[in-house]
Amino acid sequence: EPWAQRVSGGTLGQAPSPYWDPLAYFIQRAHERGLQVHAYVNMLPTWLCNVGAPPATIPEHLFWTLSHSTTWSAWRVHSAPDTPQSIATCSDYLWASPALSLTRDHITAVAADIVNRYAVDGLHIDLIRYPGSGYSYDPFTLAAFSEAVQITPALTITSWRPGFQRAQINLLVSQIYAAVT
């Protein structure tokens, strides 16, 4: 993943000079003192709201990976189509749709990388949810719903949403679990 701005010294994606690995350093020092280190990862928030797109980085930021795979807005969790703003608005984050397999695969790869490369004592997955019950109208979710209706014609958009949301989150959690255990 690109270096976080807070860790790199001010520039997203730019490793500090001289280079050091803060997680490896922290784990070593903590374990020397008998302390556990748990990685705490926000899962579906992808970028900050109201600050513009992130700069280009190497490796590419998830915001751009998702935007280049589809359109800049299709990967984001959407609210109901009849709301004034159909893309999820927020005070903190833009949320990636867990119905998009690229989102699930990327998040799983990050979690697996952490537990395979570092001697963390635990992995905490946070914000692994939709931003609210009124969300999941993005194109990937709607396509999955269309497939489900063909299997179960009695489904309606209001009856399926809560269960579908749970199923998407459960799928992501089980995918992460399989990759890290």
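Can you tell which of 65, 71, 83 is hydroxyl-bearing (Ser, Thr, Tyr) and either open to solvent by less than 30 Å² (accessible area, probe 1.4 Å) or at pLDDT 90 or above (or both)? The conditions single out 65. Which pairs turn up if I take residues in segment 12-24 that are under 17 Å from residue 57 (Cα atoms) and look for partners that are modelled with pLDDT under 90 and of a type in the set (Ser, Thr, Tyr) with beta carbon separation below 8 Å, at least 6 apart in sequence or on another chain? Here the result reads 14/8; 15/8; 16/8, each pair linking segment 12-24 to a residue that is modelled with pLDDT under 90 and of a type in the set (Ser, Thr, Tyr).
Restricting attention to segment 26-43, does a residue exist that is among the hydroxyl-bearing types (Ser, Thr, Tyr) and either touching a Leu at 6+ places or on another chain (Cβ under 6 Å) or modelled with pLDDT of 95 or more (or both)? Before you say what the answer is, go through the steps one by one.
Just the residues of segment 26-43 that are among the hydroxyl-bearing types (Ser, Thr, Tyr), to begin with: 40.
Okay, now just the ones that are also either touching a Leu at 6+ places or on another chain (Cβ under 6 Å) or modelled with pLDDT of 95 or more (or both), so none.
For segment 26-43, residues among the hydroxyl-bearing types (Ser, Thr, Tyr) and either touching a Leu at 6+ places or on another chain (Cβ under 6 Å) or modelled with pLDDT of 95 or more (or both): absent.
One residue is enough: does segment 135-153 have a residue meeting the conditions at pLDDT below 85, buried (at least 16 other Cβ atoms within 10 Å of the Cβ) and not hydroxyl-bearing (Ser, Thr, Tyr)? Looking through segment 135-153, at least one residue is at pLDDT below 85, buried (at least 16 other Cβ atoms within 10 Å of the Cβ) and not hydroxyl-bearing (Ser, Thr, Tyr). Of the residues making up segment 104-133, just one is open to solvent by less than 60 Å² (accessible area, probe 1.4 Å), part of a helix (DSSP H, G or I) and more than 19 Å from residue 40 (Cβ to Cβ), namely 104. Of all residues in segment 11-21, those satisfying the criterion of being at pLDDT below 90, over 22 Å from the mean Cα position of the chain (by Cα) and not small (Gly, Ala, Ser) are 16, 18, 19, 20.
Mind listing whichever residues of segment 1-53 are among the aromatic types (Phe, Trp, Tyr), more than 21 Å from residue 125 (Cα to Cα) and assigned to a loop (DSSP other than H, G, I, E, B)? Correct list: 19, 20.
The values are calculated or read from the model by the stated rules, or taken from the named source; none is laboratory data. Quick caveat: nothing in here was measured; it's all calculated off a predicted structure. Using ideal geometry, Cβ is built from the backbone for each residue, glycine included, and neighbour counts are taken over all protein chains shown. Surface areas here come from the heavy atoms of the whole protein model, side chains and all, with no ligands, DNA or RNA. Shrake-Rupley method; radii C 1.70, N 1.55, O 1.52, S 1.80 Å.
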